[in-house]
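The values are calculated or read from the model by the stated rules, or taken from the named source; none is laboratory data. This is a predicted model, so every value here is computed, not measured. Every residue, glycine among them, receives a Cβ derived from its backbone with ideal geometry; neighbour counts consider all protein chains shown. Note: accessible area is taken over every heavy atom of the protein model, side chains too, but ligands, DNA and RNA are not part of it. Shrake-Rupley method; radii C 1.70, N 1.55, O 1.52, S 1.80 Å.
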Amino acid sequence: MIRKDFGDVRGNDIFPYISRCTLDIMGATAMDQKFDSQRKKDTPYLRDVSKTCEIIQFRAVRPWLWPDFIFHLTLTGQKFKSLMTTLHNFTDSVIKKRKTMSPVLDNDTASGSVDEIYWHGKRRLAFLDLLLTAQQNPENNLTDADIREEVDTFMFEGHDTTSASLGWTTYLLGRHPQYQVKVHEELDRIFKGDKRRAVTTKDLSEMKYLEMCIKEALRLFPSVPYFSRKISTDLVLDETHTIPAGSNVVITLMPMHRNPTTFPDPETYLPDRFLSENAAKRHPMAYIPFSAGPRNCIGQKFALMEEKVILANLFRNFKVEALDSLDKITVMTEVVTRPKNGFRVRLIER
Ligand code: HEM
């Protein structure tokens, strides 16, 4: 969707293009639906997600707005409620549309296992079909609201986090031509100059350097800047410090990923940190952009594959120049780490 003449001397913000692309991918892969947002002028869903994140952050740092009954009395609370309605209407429409197409509504297949539907049904089995199939079994006790919640999580987690990571990787490579050249060399080796052919699974496994560049961008700018856990048992840190059971603990990734003991010269973008011999020297919990433990990100492998496909297509075709130095980029750590004013880039056809 990016034209050859993208970005003049003043550059163009590439971020909205990336967001629309990842939203379309989530629609196609998880919901098997064509959102076509890359062809549309305006994407209200993306706009509303962004406003919702702003409000969540606004509320998070104002404890007096935490009780629902107070928050909902404020103008911001009312705005939030109306945004929620719009976002839910969108996901409801996605579910409704799929229900009318879904193989689970077909009597021949409704009693079959997911595998049977996949193998015998003509339509591709999307994540949403798994939910709709599971709903057919009364033992699962899955309501429409439960399904909507899962679809909301997937739609949001699936596109916003990935577009942030793609944006930062593109930006950082655009600021570090010495690493971008290596990405170009790797892609040229894999595709032998072919700028059009589809990316295969084998190609993905060969994009080792590109993967290191993505991981290093996720270290400096983790898409999910923090997450929290409720401690279920006392957590003894040392002889004098214990976090009592029931406490909420917030894990903030930026300071963790920039700990100079684990990552020397922490502010510098150095993809080689992720050479396997270097990564092996670090504690496994020193770098956790996808969280860790039983509630970690279930989409991490998918995200890396998706990013490699998109970046391979971008860097196979273009040299990227990012026009603003890092001190000119205002980093917003809302629900997702994003640039306040996007990433101005210039693309030069290769
Ligand atoms: C670079 C991209 C991504 C990053 C950095 C990322 C990061 C994360 C993190 C940190 C969490 C855990 C939050 C917590 O512990 O509270 C999470 C959860 C989750 N992610 Fe991702 N994510 C990415 C892409 C994706 C994609 C593409 C999908 C879907 C295909 C996805 C689906 C989910 C889901 C469903 C959860 C909730 C899991 C649960 O609660 O058990 N994520 N993600």
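Computed quantities for the displayed model
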{"read-out": "Those residues of the range 276-328 which are more than 9 Å from the ligand (Cβ to nearest atom), over 24 Å from Cys21 (Cα atoms) and open to solvent by less than 60 Å² (accessible area, probe 1.4 Å), in sequence order", "value": "Asn278, Ala279, Arg282, Ala286, Tyr287, Ser325"}
{"read-out": "Residue match in the range 262-270 (condition: touching a residue at least 60 places away in the same chain (Cβ under 8 Å) and assigned to a helix (DSSP H, G or I))", "value": "no"}
{"read-out": "Residue under evaluation Tyr179, criteria (1) aromatic (Phe, Trp, Tyr); (2) within 13 Å of the ligand (Cβ to nearest atom); (3) under 19 Å from Val320 (Cβ atoms), criterion not met", "value": "(2)"}
{"read-out": "Near pairs, Cβ below 7 angstrom, 6+ apart or cross-chain, from the range 144-169 (more than 18 Å from Ile298 (Cα to Cα) and open to solvent by less than 10 Å² (accessible area, probe 1.4 Å)) to any residue that is modelled with pLDDT of 90 or more and of a type in the set (Phe, Trp, Tyr)", "value": "Gly167/Phe15; Gly167/Phe343; Trp168/Phe221"}
{"read-out": "Residue satisfying all of: in the range 20-43; more than 17 Å from Val151 (Cα to Cα) and modelled with pLDDT of 85 or more; surrounded by the fewest Cβ atoms within 10 Å (Cβ to Cβ) among these", "value": "Arg39"}
{"read-out": "Residues being over 15 Å from Tyr17 (Cα atoms), open to solvent by less than 50 Å² (accessible area, probe 1.4 Å) and modelled with pLDDT of 90 or more - total across the range 333-350", "value": "2"}
{"read-out": "Subset tally (residues that are of a type in the set (Val, Ile, Thr) and open to solvent by 50 Å² or more (accessible area, probe 1.4 Å)) for the range 47-89", "value": "5"}
{"read-out": "Filter result (open to solvent by less than 60 Å² (accessible area, probe 1.4 Å) and within 13 Å of the ligand (Cβ to nearest atom)) within the range 217-246", "value": "Ala217, Leu218, Arg219, Leu220, Phe221, Pro222, Ser223, Val224, Pro225, Phe227"}
{"read-out": "Positions within the range 263-275 being open to solvent by 40 Å² or more (accessible area, probe 1.4 Å) and not acidic (Asp, Glu), in sequence order", "value": "Pro264, Thr268, Leu270, Leu275"}
{"read-out": "Selection from the range 184-216 of residues that are open to solvent by 60 Å² or more (accessible area, probe 1.4 Å) and of a type in the set (A, V, I, L, M)", "value": "Ala198"}
{"read-out": "Among (1) under 25 Å from Glu185 (Cβ atoms); (2) under 16 Å from the mean Cα position of the chain (by Cα); (3) of a type in the set (D, E, K, R); (4) part of a strand (DSSP E or B), the one test that Lys308 misses", "value": "(4)"}
